Structure formats: C-alpha cells, structure tokens
1. What size of dipole, in debye to the nearest 20, comes out for region 320-375 about its Cα centre when the only charges are +1 on Lys and Arg C-beta atoms and -1 on Asp and Glu C-beta atoms?
2. For the chain, set up a GNM with springs between Cα atoms under 10 Å and report which of M246, M263, M213 has the largest fluctuation.
3. Cα-based count: Lys pairs in the chain below 17 Å, eight or more positions apart or different chains?
4. Size of region 2-145 along its principal axes in angstrom, Cα-based, largest extent first?
5. Mind checking the full-extension length gain between Q192 and H360? Use 0.36 nm per residue of separation minus the Cα-Cα distance, one decimal, nm.
6. Arranged by the count of other C-beta atoms within 10 angstrom, fewest first, what order do S223, S241, S9 take?
7. Count neighbours as other Cβ atoms within 10 Å of each site's Cβ, and list the chymotrypsin sites (Phe, Trp or Tyr not before Pro) in region 39-117 that are DSSP loop with at most 16 such neighbours.
8. Running a GNM on the chain with Cα contacts under 10 Å, which residue among H196, H154, H360 ends up with the highest mean-square fluctuation?
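None of the figures in this text is laboratory data; all of them are computed from the coordinates on show. Because the structure is predicted, anything quoted here is derived from the model rather than measured. Methodologically, a virtual Cβ is constructed for each residue, glycine included, from the backbone with ideal geometry; neighbour enumeration extends over all protein chains shown.
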Amino acid sequence: MRHVAILGSTGSIGTSTLDVVAAHPDRLTVAAMAAGVNRDLFRAQCERYRPQCVSLARPEDAAWLASELSYRPTVLHGMDGLMACALQAGGDTVVAAVVGAAGLASVEAALRSGRRVCVANKESLVVGGALMRQALEQGGGELLPVDSEHCALHQLLAGRAQADVREIRITASGGPFRDWDLERIMGATVQQALNHPTWKMGPKITIDSATLMNKGLEVIEASVLFGLDADRIQVTVHPQSQVHAMAGFQDGTYQLQVCANDMKLPIQYALLYPDRLPGPVPPYDWNLARAWTFAPPDPARFPCLPLAYGALRAGGTAPAILNAANEEAVGAFLAGAIGFWQIQACVAEVLAGIPAEPAHTLEQVMDTDRRSRAAAAHWIRQHPV
C-alpha cells in the first residue's frame, strides 16, 4: 500500500490522481492533501478520501475547512501547510502538482526525505533541476515524471545504458498555430491561442503550447531527468498526439511509446511503478483506422523553442530566468497587456539582460526568479499593446 500526499489536489492533475487512487483502493491511499483556494471542491475531496493532514493556501479558508469537515484531520495553510503535507508521517509518495515556483521547496524536501516524488510541477525541474537531482541523490528516494512525454521516455529508457541512446525525441501537437504563417501568428488573439486542438488544459500551459515554450521547458526537464545534453534531445511535431516520445539508439533503430491522450495513464504509471495494472483508462484500440504524421518544428515561427534550448545550454540559473520571464509574459498576454509575438520578445530580452550563474541553493534560484520577474514586468510596461 502506498500512502500518497497530493500537492495540488483540486487541479487537473490532482483530480486525475484521485481517480487513479479510487481505481486502486487496495494499492493506494491518500495520506495528505493540499490545495489553493477551491475550498468547496477540497472539502468534498477530504470527505471522500479522509487524509489526516490537509492544507489550503489562505488561513481563513483553512479555518472554514476545519469547521466544516465531519472528521478531525490536522488542518494547516500556506507554505508551511504545503511542506507538512509533503512530509506527513507515514507518507511515502508525493504527487507534486502545485503550479509555479511555490512547489519547489516542497518537492526538494520530499526528495531529500527519501520519498517517491511523482513530479508534475514543471518548475521544480526547469528552475531547480540541479538542486532536485542533488536532493534525490542525498535522500535516496525516487523521481518519476508525470508529464506524458517524460513518462513515455522513462518507459523507453528504463534499464538502458545511456551509451546505447543516440537521441530522444518528445512530440508536440504543434498547438493551434502549427499551420499558420508567421504574419498571422504575430497577430494571434488570446481566444485563438487558447483554442488548443488536442488537449484541454489551463490557460498558462495552453499559451505555452501555442508558442512551443511548453516543449522547450520539457526539453530542459528531459535533460534533468535523463542526464542528456541539449544535442541529444529533439522535438518532433505530431498533431495526433498518440506517440508521446521516441528513443533512438546507436544502431539507428527507434522505439516509440503510444497510449491514449489521458493523464491518468502517466499518473498511474508513476504511482504504481514498476507494476502495470488495469486502471481507469481503456486500452489503446488498434482496430480504429488512424494516420500519424510527423514534422520538424519551425524555429522562425516558434522562437520560444530555441530560446529554451539556449537556456539549457547556458545552464545554471538560465532556465530559471527563462521560466520566470515566460510566466510574466504569458500572464501579460492573457490580460491583454501585450501581444502574442511579444511573449518571445520579452523572454529573449530578459535572458539577454540577466547573466546566468551556477545554481548552488534554492534561495539563490528563487532570488533569480524574483529578479527575472521584475525585469520582465519592466519590459512589459515599456511595451504596451
């Protein structure tokens, strides 16, 4: 039995994780849960799964929850509550699905404590990759990816000698603008950018998919997870989103990982690894007629992807600078403060203006994050629509 702490239980990853838990009551139980401000859904989750440690972002919501629940768990709030849930006594597995830099400290602490961490918090690996690897090595736990592409790579590379691997490829749907010309992309509206052809996701990650920054961040994640340099990690546009990743070997052959477009599959893989059991997602149906297409991404139309590669090659705090500037720029675009094409311009300017340094501590990385956000906010104010 795995005793799971879910950090970010009311988001899409968190709710899918609870579906997986419900499908395997003999293998999985919820020890702790943390969420943001969706207190009504969180209360319903607590009543169903009855974790012994729970936390919400705001103290007033935590007080409300304590008065509303029919049982008496430990009720906490804020960053301290998030950390307490991650390190709940008796817990052995953490699903890290808190969005943004807020999840870094809890992921590092969980890794350092020797737990299995199923990481869906992209920032943990992009912003603090070297620190997370260090915490993993010191704690002796496990780090398993929940992203569909990285979960696919984990399956393809498990047990393989790194010397046998020539390259890995993660696939990209191409987003809503994959067939648009450059002039049309430059004038894209928020509504157009949010109209993803394959996945239903939150607004920030949907915009990242439209710019291909999401794939750039995943390239950095793949480097952290699998120890490969930028030249051995490639991106292939695959609009059908059925092949999630590929591994190319020294003899010229490739293996591909295929499954349905459902995040419950990588979540279940990470929670139950190395076991494979029937779950809440039906098996892939090979009797349905289908066609797959593959193409290289166009860096001229999607410059965020080469910006991410540049940050990976620069190393140190460069990915933290990239991530922070991108978050600020995407937020400004969603608010109507800048245009779509200005997202990449803002990120490029901030990357050029803040020198990358070797990353030694979480405090240093978070300081870089703050300085990068301030620089991006300044750029945004100077370039209104």
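1. 120
2. Result: M263 has the largest fluctuation of those listed.
3. Lysine pairs satisfying the spacing and distance rule in the chain number 5.
4. Largest first, region 2-145 extends 41, 34, 26 Å along its Cα principal axes.
5. Taking 0.36 nm per residue and subtracting the Cα distance, the gain is 56.4 nm.
6. Final ranking by Cβ density, sparse to dense: S241, S223, S9.
7. Those satisfying the criteria are Y71.
8. Per the Cα network of the chain with a 10 Å cutoff, H360 tops the list.
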